[in-house]
Structure formats: structure tokens, C-alpha cells
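The values are calculated or read from the model by the stated rules, or taken from the named source; none is laboratory data. Every value quoted in this text rests on a predicted model; they were computed, and no experiment measured them. With ideal geometry, Cβ positions are generated from the backbone for all residues, glycine too; neighbour counts draw on all protein chains shown. Just so you know, the surface numbers come from the protein's heavy atoms only, side chains and all, with ligands and any DNA or RNA stripped out. Shrake-Rupley method; radii C 1.70, N 1.55, O 1.52, S 1.80 Å.
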Amino acid sequence: MHCFHCEDEIPRGTEVNATINGEERDFCCIGCEAAAMFIDGAGLGNFYAHREQSEHAELRPGTIDYDVFDDPAVAAPYVRSDDDTQSATLYISDLYCPACVWLATEILEQELGVAEVSANPSTRRIHVQWQDSSIGLADILRVTARVGFEPEPVIAGETSKQEQRDYRSAIKRLVVAGIFGMQAMMLAIGLYAGEFHGMTDTTTMLLRAASLVTILPVMFYAAVPFFRGALRGIRHRKPGMDVPVSLALVIAFGASVMNTIRHGDAVYFDSIAMFVALLCVSRFLEMRARHQADDQAEAVAALLPAAAKKVDSEGRMIDVARAEIGCDDLLALSVGDVVAADGIIMSGRAGVDERLITGESRPVDRQVGDTVLAGTRMVHGSVVARVTGVGAQTHIGSITRLMEQAQAQRGTLQGIADRLATPFVFGVLSIAFFTGVYWYWNSPDQVARTVLAVLIVACPCALSLATPTALAVTATALARRGVLLTQARVLDVLKPGCIVVFDKTGTLTEGEPTLRDIETIDRRFAEQQLIDIAFALERNADHAMASAFETRSKGSVSLDAPTITHVGAGVSGTVEGIEYRIGKGSFVAELAATQSPVDHGVYLGTEHGLLARFTLSDELKPETKHVIDALQAQGLTVVISSGDSADTVAAVARTLGVESWYARQTPADKLDLVSKLKSRGARVVMIGDGVNDAPVLNEADAAIAIGNGTALARASADAILLGDTLLPLGDLTAIARRTRRTIRQSLAWAAGYNAVGVTLAACSLITPWMAAIGMTASSLLVIGNALRIGGRRAPSNARSLSSNNKHTRRPEALA
């Protein structure tokens with residue numbers, strides 16, 4: 001018996017009963033009973049119907065039934081329609097190497113009606129677009145599964161449950177390989193000692209039999225993914241790295257079993273254990289790096305409210321869950337509310353904080369006929385809005401879709417190991433084959449031993465460990481210096497010659513307007529009095545710029561009546577019988593019946609004339625100028641792309657000495673900018689902190705987010721600067737350079753070792769056990785070299801940028 005609410009099993013004698021929606025239900029505790037009764041009493045009983053439908057469509061490993069997606073209602077959450085094109089994103093856990101990518105994309109591109117397929121092995125995702133109405137999501141899934149994959153459709157913005165299952169499975173395989181592998185190694189020590197010091201046949205047989213039993217879980221559980229990948233590659237004539245790995249395991253295991261039964265010369269159970277354990281570590285480290293980022297679904301969900309106030313047909317306001325909101329519903333929004341869906345204002349006017357969505361640093365005034373976006377916050381006024389888009393149809397939904405498409409695109413930069421994978425596999429297999437043929441004709445009794453030695457010595461343990469081990473050490477070293485590394489590509493891209501695109505608000509600047517200068521026009525008013533009047537007007541209007549006056553105001557001015565907000569112009573209010581206006585020059589000059597000032601700024605005035613001009617600015621962070629100078633001095637091109645106004649962005653660019661800048665940038669504009677830069681052959685690093693930066697953070701060759709920015713921006717980033725400072729860029733650049741050098745050294749060593757080792761093995765100059773020792777030594781050398789990355793402090797020039805003493809920061813700090 002299971003609880004109706006939480007679905008946990010109900011212990012005997014503890015069940016609680018209650019009537020929900022006219023039916024008797026069982027609960028595990030009074031807490032679940034109370035929650036269910038509240039949901040039912042609030043008229044939200046559809047919660048359970050939606051939950052059951054979601055569970056019906058859930059995919060479970062080994063029992064996947066893709067026919068369920070023939071039902072349009074089940075497929076709808078996973079499929080997006082744009083004009084005459086439909087698209088979906090699939091998660092494939094076995095998408096590891098270029099061979100897997102080729103196989104998955106090739107089989108889909110051959111399907112009638114499929115327009116475009118893009119895959120990214122680093123995220124295990126494939127984005128498919130199709131136009132033929134004769135196919136659907138179920139057909140796409142069945143075609144992909146036909147070649148041996150287990151695809152899972154992903155709802156836009158949600159993390160696949162399969163990722164979590166893969167993570168748990170990888171941990172279990174790693175534990176099995178480690179525990180049983182250590183036992184096999186301990187038994188092998190006795191066997192090797194016996195060869196040098198003598199051992200009875202009975203003892204040898206006993207140790208070999210024990211090793212055989214110990215290695216069975218490693219061979220038939222921990223190593224299964226390698227066999228599965230090898231069979232898939234062989235079946236479709238696109239072998240990957242799993243093929244030589246599996247061949248070595250099968251030959252070593254088969255030869256060891258035969259020698260155990262026939263009392264042959266040697267067994268290789270320890271080599272199998274060591275081999276599988278090292279490869280499991282490599283796969284686990286890679287998976288951990290992919291899953292370190294925050295869950296994007298949670299980031300989006302955190303931005304939207306769980307409920308909203310809906311206006312029913314009788315004009316009453318009722319609380320409804322966000323999932324219950326539909327198009328054409330009317331929502332009542334007041335100060336402090338976060339908008340749950342896109343809509344058009346039908347009545348009222350308000351100021352809306354769109355900073356997290358559009359990048360606009362100040363609240364935007366909205367009135368009848370204007371659009372309000374899901375995820376924005378009401379800062380003053382109240383409105384009734386008609387819903388025009390929910391879920392994936394909202395502005396946030398489009399941002400999520402852009403992110404998803406960017407994630408599915410395979411980056412132009414591929415890891416060195418990936419680029420060498422296919423030729424390496426063919427090379428190893430060819431050498432092993434010709435070695436076997438040669439020894440078969442010249443010394444048949446040497447064939448098995450020699451071929452096995454070739455495969456073992458050529459096994460890509462060191463090659464596989466070189467990159468992930470270095471990245472793991474790098475991640476730890478950067479974390480100690482205030483940088484969280486979530487994807488390794490930033491280490492390859494952030495170097496001289498790349499273009500660094502900065503968002504402005506909250507990245508280069510503090511994100512809050514400040515009062516920079518006051519020009520007193522009417523000398524009858526003291527400066528402090530002008531500030532107090534401005535603060536009184538702005539404070540009651542709930543404008544963000546009120547904070548610019550608050551720090552310098554004494555709060556001594558009181559309004560005679562509430563202020564009036566004039567959309568897109570400013571605010572008016574009465575103080576001691578005198579009407580004041582604050583805002584744009586033209587708006588204030590209209591009251592004073594005088595000529596409108598031509599320069600920019602915030603003006604305060606009465607009917608008698610202009611009183612003062614305030615210059616407000618979103619102050620640059622103290623370290624911004626030094627960081628920009630350092631980047632430019634090292635040959636990196638800096639570009640500013642912001643959703644703020646042209647005047648504001650231009651002023652910031654002049655101050656920083658940046659020649660290229662773009663203003664009023666929407667998420668699509670930023671994405672287009674980065675795409676154009678990349679099409680010219682440039683390598684692009686994007687640095688931002690807002691939701692509107694999320695798609696372009698994914699599209700860029702590498703992305704860096706500010707730690708105090710939005711969760712969605714952090715979810716899209718390859719590296720996160722903890723806190724709100726740009727200073728850790730110095731350590732990031734220095735350690736990135738050191739990591740690239742270390743990986744090149746390790747790969748060069750591994751390749752050199754394989755070349756020499758394979759040659760000696762093919763000449764039958766080394767035995768399999770010698771090859772196993774060499775393979776282990778090669779792997780340990782690679783690991784030791786990687787550990788050096790975190791063992792040294794950052795160079796002094798990088799530390800200087802991170803210093804709190806501004807006078808010691810030098811342009812060469814990002815060397």
C-alpha cells in the first residue's frame with residue numbers, strides 16, 4: 001500500500017484515511033493527509049492528474065516503451081512547433097565519442113522528413129527538427145533506439161531523470177571496479193611472488209581460481225558499458241575507443257580462464273581489474289564535470305511564482321497554481337508580484353522591473369496595451385493583464401529554447417583526445433591484426449601473448465586520464481581561488497586572440513544607480529533641499545532610481561499627495577502646495593513652459609522653471625577598468641553587449657576604452673552577435689549575469705558568469721566567478737594556460753609511450769604483464785603531472801590582479 005500524496009510505502013498500522021474528491025484515500029501520515037486536503041480544498045485537485053500523466057510518460061531503463069509518445073497529449077510537452085517545423089531534444093546517455101555522434105546523427109538524417117540534426121557529446125543531447133507530418137516524436141525515438149541507443153526526450157529547461165540514473169550507475173560501477181579490483185591486485189601480488197620465489201601448483205591454482213571469482217563482477221558488471229559501446233560501433237562499422245578496450249578485456253579474460261583451467265603460463269586478472277577501474281574513473285570524472293552546473297529547470301522554476309491571482313468571470317480574485325493558468329485568463333498584478341505568464345495589460349499602469357529578463361537597469365513603465373513578461377516583478381502600481389503565453393510560449397520559454405538549441409550544437413573546439421580517437425582506434429586494431437598475422441605464420445605459439453601485449457600496452461588509459469584528471473585538479477585549484485569550473489572548454493578558449501563579450505549591468509557595473517553629480521539651476525534652492533525633494537518624489541513612485549537619492553537624502557520633505565507616474569517620462573508630485581516634476585528634460589520643461597534641454601540627465605523643476613539637473617550612473621565596479629586593460633594588453637578583444645540604452649552603454653565604453661559596443665540587445669540579438677563573430681573565425685568568451693544572457697552564454701565558445709547573478713546564467717556558464725567581482729579572471733587565465741600546457745605534456749607522453757610500447761609489444765619483446773605494468777606506470781605519470789597544476793601558487797602577475805591594492809594591478813596581470 002502506498003501513500004496517495006507522496007507515494008511512499010505505508011508502514012503497517014500507520015495508515016491514515018481521508019476522503020479526497022469524493023474517494024477514500026490512504027496516507028502514510030497526517031502531514032500528507034493535511035497536504036492532500038489543502039490541495040483538494042483549494043480546487044487544485046488536477047495536481048494529481050498531472051502527476052499521474054507525467055509518471056505515465058516517464059522512461060525507465062530497460063523497459064522503454066516509445067509507443068506511449070504516439071499519443072499527442074504525452075508528446076506535447078517535449079515537442080516545440082515553429083511555423084511548419086517541429087523540434088525536440090533527446091538525451092542519450094551513451095553518446096560518448098565522435099563515432100557515437102556520427103552514428104546517431106546519420107541514422108536520424110536518413111529518416112524521411114527530418115530536416116536537421118545536431119549533437120553534442122559533451123552534454124549527451126541531440127536536437128532534431130522535422131517537417132514531414134507523417135513522422136512524430138515516437139518515430140524519432142524508435143529510429144534512434146534501433147541502433148542500440150536509449151534516447152529520452154527532454155522537456156525544455158528540465159534536467160533529464162536519465163542523467164541522475166546515469167550518475168548513480170557510474171558510481172556503482174566505479175565502486176564495484178575499485179573494491180573487487182583491489183582484491184584481484186592483492187591476489188596477483190602472491191602470484192607474481194610465487195613466480196620468483198617458488199610456489200606449489202595447488203597454491204597457484206587456488207590463487208588463480210580466487211582471482212577468477214573476484215574478477216567476475218568487474219568483467220560482467222563494471223565493464224558492461226564498454227562492451228555495449230564496442231558492439232554498437234562494430235555493428236555499424238564506426239568503431240570507437242570502446243573497441244580496443246573490449247578486445248583487450250575479452251582476450252585477457254579468455255586467455256586467463258583457459259590458463260587457469262589448463263594450468264597455463266600466466267593469467268591477467270589483475271590487468272583486467274586495473275584497466276576497468278581506471279577507465280571507470282575516467283568516465284566518472286567526465287560525468288561529474290558535466291553535471292556540476294546548477295539544474296536549469298530549477299533555475300527557471302525559481303524565477304517564476306508557484307501561484308498567481310486570477311480574475312474569474314465574476315470579477316473575483318482567486319489564487320491558482322501556475323500550471324492552472326491558461327491563455328486569455330486575466331491575472332491581477334500588484335506591487336511585489338512576480339508575473340507568472342506573458343500578458344497584455346488590459347487596465348491600470350505599473351512600473352515593472354525587467355532587469356533579470358531584458359537587462360534594463362531601471363524599472364520600465366507599462367500601461368494599457370503594453371506587454372508584461374513572465375519572471376518580471378511589479379515595483380509600483382497595479383494592473384490586470386490578459387495572458388498571451390504560458391510555459392514554453394513565454395519569453396522565458398523562448399530563452400530556454402535558445403539555450404537548449406545552443407547546448408545541442410557541437411562546439412567548434414573538440415578535445416585533443418576526441419580528435420585522435422578514430423584514427424587511434426583504427427591504428428591500434430590494424431597493428432594488432434597485422435601483428436597477429438605475422439606471428440601466426442612465424443611462431444603460432446606467440447600469437448595470443450603478442451596480440452594481447454599489443455592491445456594492453458596500447459590501451460588508452462593514459463590518453464583517457466590525461467584530460468579529465470587535469471581538469472579535476474584544475475577545478476579544485478580554481479575553487480580555492482574563487483572560480484567554480486563547470487565546463488572545461490573555457491580553459492581552451494580564454495587565451496590571446498579570443499573576443500571577450502561583456503554584459504554591462506551587474507557584470508561591469510554594480511547594478512544599482514547612484515547619484516554622480518548635481519547641477520543647481522535655481523540658486524534659491526540648496527543642494528540638500530533638491531536631493532530631499534527628488535527622493536520624496538522617487539521613493540513614493542517606487543522607482544529604482546530612488547536608491548540613488550536615498551543615501552544622500554535626510555528625508556525631511558513630505559508630499560502633500562501621492563505622486564503620479566507618467567509612463568516613459570517621469571514623476572510628478574506636490575510639496576507644500578507646489579507641483580514638482582522629475583524625469584526627462586522635455587517632461588519637466590513642459591510644466592515650466594520653457595525650452596527643453598538638449599543634454600541628457602534627470603531634471604527637477606516646477607512651473608517656474610528648471611531647478612536642478614541630476615547625473616545618475618550605474619557605477620563601474622572598482623576593478624573593472626584594470627581587468628579590461630589587462631585583457632586588452634594580452635591581446636584579447638573586449639566587446640560590450642548590453643540591454644541598456646545607447647547613451648549609457650556608450651559612456652561605459654568610453655570610460656573603459658572599449659571600441660566595440662552594442663546597446664538595446666535582446667537575447668536573440670546577443671545570440672546573433674556571437675554567431676556572427678564565430679562565423680568570422682573568432683573564438684568568443686561571453687561574460688554575463690542575467691537571464692537574458694543565458695542563451696548567448698551557451699552559444700559562445702566559452703561562458704563565464706558572475707556568482708551573484710541569476711541562477712539561470714550560472715546554469716549556462718562554463719565558469720562562475722564566486723561573488724560579484726571580476727578579479728578571479730586573473731587566476732582563471734593563468735591556471736587555464738598551465739592546464740593547457742599540462743594536458744599537452746601528458747598527451748604527448750601517452751602518445752609517445754604508446755608508440756614505443758606498441759612497437760616493442762609487436763616485436764614480442766615485452767610480455768602482457770610487462771605491458772600491464774607499463775600501462776599502469778604511464779597512467780600514474782599522467783596523474784602525477786596533473787597534480788602539479790594545483791600544487792603551485794598562481795604566478796605573481798596573476799596574483800597582482802587579485803590584490804585588493806588597486807595601485808599594484810598591472811596590465812600584464814592576465815599573462
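Of all residues in the range 573-589, those that are surrounded by fewer than 16 Cβ atoms within 10 Å (Cβ to Cβ) and over 49 Å from the mean Cα position of the chain (by Cα) total 5.
For the range 426-453, the set of residues classified as within 17 Å of A771 (Cβ to Cβ) and without any contact (Cβ under 8 Å) to a residue 40 or more places away in the chain consists of G427, G436, V447, listed by residue number. For the range 712-726, taking the residues that are modelled with pLDDT of 65 or more and of a type in the set (A, V, I, L, M), the one that is most open to solvent (accessible area, probe 1.4 Å) is identified as L722. Among the residues of the range 188-206, those identified as open to solvent by less than 40 Å² (accessible area, probe 1.4 Å) and either modelled with pLDDT of 85 or more or not aliphatic (A, V, I, L, M) (or both) are G190, G194, T204.
Report those strands (runs of 3 or more DSSP E) wholly inside the range 604-663 carrying at least 3 residues which are without any contact (Cβ under 8 Å) to a residue 60 or more places away in the chain and open to solvent by 40 Å² or more (accessible area, probe 1.4 Å). Talk me through it step by step, then tell me what you get.
On the way: elements: 609-620, 637-641, 660-662.
Ranges flagged: 660-662.
Pull up the range 308-331, narrow it to residues that are assigned to a loop (DSSP other than H, G, I, E, B) and open to solvent by 70 Å² or more (accessible area, probe 1.4 Å), then point me to the one that is farthest from V372 (Cα to Cα).
First, the residues of the range 308-331 that are assigned to a loop (DSSP other than H, G, I, E, B): 312-316, 325-329.
In the following step, the residues that additionally are open to solvent by 70 Å² or more (accessible area, probe 1.4 Å) were identified as 313-314, 316, 327-328.
On the way: S313: 22, E314: 24, R316: 21, C327: 14, D328: 14 Å.
In this case the residue turns out to be E314.
Being in a helix (DSSP H, G or I) and open to solvent by less than 30 Å² (accessible area, probe 1.4 Å) is the filter; apply it to the range 777-795 and report the residue that is modelled with the lowest pLDDT. Walk me through how you get there before you give the answer.
Residues of the range 777-795 that are in a helix (DSSP H, G or I), as a first pass: 777-791.
Next cut, open to solvent by less than 30 Å² (accessible area, probe 1.4 Å) only: 778-779, 782, 785-786, 789-790.
Details: S778: 78, S779: 73, V782: 80, N785: 84, A786: 80, I789: 82, G790: 69.
Going through the qualifying residues, I end up with G790.
Could you list, in sequence order, all residues of the range 486-512 that are modelled with pLDDT under 75 and touching a Leu at 6+ places or on another chain (Cβ under 8 Å)? Can you show your working first?
The first filter runs over the range 486-512 and keeps only residues modelled with pLDDT under 75, leaving 486-488, 505-506, 511-512.
A488 - this is the single residue of the range 486-512 that is modelled with pLDDT under 75 and touching a Leu at 6+ places or on another chain (Cβ under 8 Å).
Can you confirm whether S464 is under 30 Å from S256 (Cα atoms) and at pLDDT below 70? Yes, satisfied.
On the stretch given as the range 540-572, residues that are at pLDDT 75 or above, under 22 Å from E519 (Cβ atoms) and surrounded by 17 or more Cβ atoms within 10 Å (Cβ to Cβ) total 7.
Scanning the range 129-145 for residues that are open to solvent by 10 Å² or more (accessible area, probe 1.4 Å), of a type in the set (A, V, I, L, M, F, W, C) and either in contact with a His (Cβ under 8 Å, 6 or more places away or on another chain) or over 14 Å from T105 (Cα atoms) (or both) yields a single hit, I135.
Would you mind finding the one in G709, G681, G730 that is modelled with pLDDT of 70 or more and open to solvent by less than 20 Å² (accessible area, probe 1.4 Å)?
Values: G709 fails: modelled with pLDDT of 70 or more; G681 fails: open to solvent by less than 20 Å² (accessible area, probe 1.4 Å).
Selected residue: G730, the only one of G709, G681, G730 that is modelled with pLDDT of 70 or more and open to solvent by less than 20 Å² (accessible area, probe 1.4 Å).
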